[in-house]
Amino acid sequence: MRGLLLGILLLASPTPAPGQGQEIHGENSVFAGHGVAIAWGILKGPVEEQTQVILRIAPAGEAYAYVSVEALDPFTGKRQPILAGRPLGDRVDIRSPRGAFADFPRREVHLYRTAGDWQAKKPTVTVYYLGVPDTTPEFISEGALFTYLDQALAKFQGTGQGRKP
């Protein structure tokens, strides 16, 4: 009986498509694991239409050469590039209007070990979010937001430590 239950669970578990690499649910506003650290913050605008969501991505113990970010509509499967791809370097900041999450709530951060992997669209790791994490803090000044993002990621960069799924 246990074998049958285990078999059903394994069949029901989602697996990445060939060439996609490992998929990890980021879950929280600060994530560290699999060689990457990611933090979210919200910069409140004077009106909601000017409110920005900032996603900061930084290496944390692994050598990822490139990063790309896509938005996804979970109902239609339609994808929209947010960042087509660029070298990861020390960090990358992605800005999106908060309203953009209404139609394309899912974000996928694709990490590539080499430029060739990036060009072939074969990420080593994809960290995904089903929307802006509920724990994401809001700030009224850009300086306070960037200080928070720096401090949130500083403890993970170069260590590879943090929440690992």
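The values are calculated or read from the model by the stated rules, or taken from the named source; none is laboratory data. The model shown is predicted, which means the values in this text are computed figures rather than measured ones. Reconstructed Cβ throughout: ideal geometry from the backbone, glycine too, with neighbour counts over all protein chains shown.
Evaluate the range 56-68: report whether one residue or more is modelled with pLDDT of 95 or more, assigned to a loop (DSSP other than H, G, I, E, B) and either farther than 24 Å from A120 by Cβ or hydroxyl-bearing (S, T, Y) (or both).
No, because not a single residue in the range 56-68 is modelled with pLDDT of 95 or more, assigned to a loop (DSSP other than H, G, I, E, B) and either farther than 24 Å from A120 by Cβ or hydroxyl-bearing (S, T, Y) (or both).
Specify which of the listed residues (G89, G26) is within 21 Å of D150 (Cα to Cα) and without any contact (Cβ under 8 Å) to a residue 12 or more places away in the chain. Steps first, answer last, please.
Working: G26 fails: without any contact (Cβ under 8 Å) to a residue 12 or more places away in the chain.
Result: G89 is the single residue among G89, G26 that is within 21 Å of D150 (Cα to Cα) and without any contact (Cβ under 8 Å) to a residue 12 or more places away in the chain.
So P133 clears everything in (1) part of a loop (DSSP other than H, G, I, E, B); (2) out of contact with any Phe, Trp or Tyr (no Cβ under 7 Å at 6 or more places or on another chain); (3) of a type outside the set (S, T, Y) except one condition, right? Which one?
(2)
Inside the range 93-112, can you point out the residues that are over 15 Å from Q52 (Cβ atoms), of a type in the set (A, V, I, L, M, F, W, C) and out of contact with any Pro (no Cβ under 7 Å at 6 or more places or on another chain)?
Of everything in the range 93-112, those that are over 15 Å from Q52 (Cβ atoms), of a type in the set (A, V, I, L, M, F, W, C) and out of contact with any Pro (no Cβ under 7 Å at 6 or more places or on another chain) turn out to be F104, V109.
Could you please find all residues in the range 62-90 being at positive phi and either basic (K, R) or touching a His at 6+ places or on another chain (Cβ under 9 Å) (or both)?
So in the range 62-90, the residues at positive phi come out as 77, 85, 89.
Within the range 62-90, just G85 meets the criteria.
Would you check which residues across the range 89-134 are within 15 Å of N28 (Cα to Cα) and aromatic (F, W, Y) and list them?
Y128, Y129, listed by residue number.
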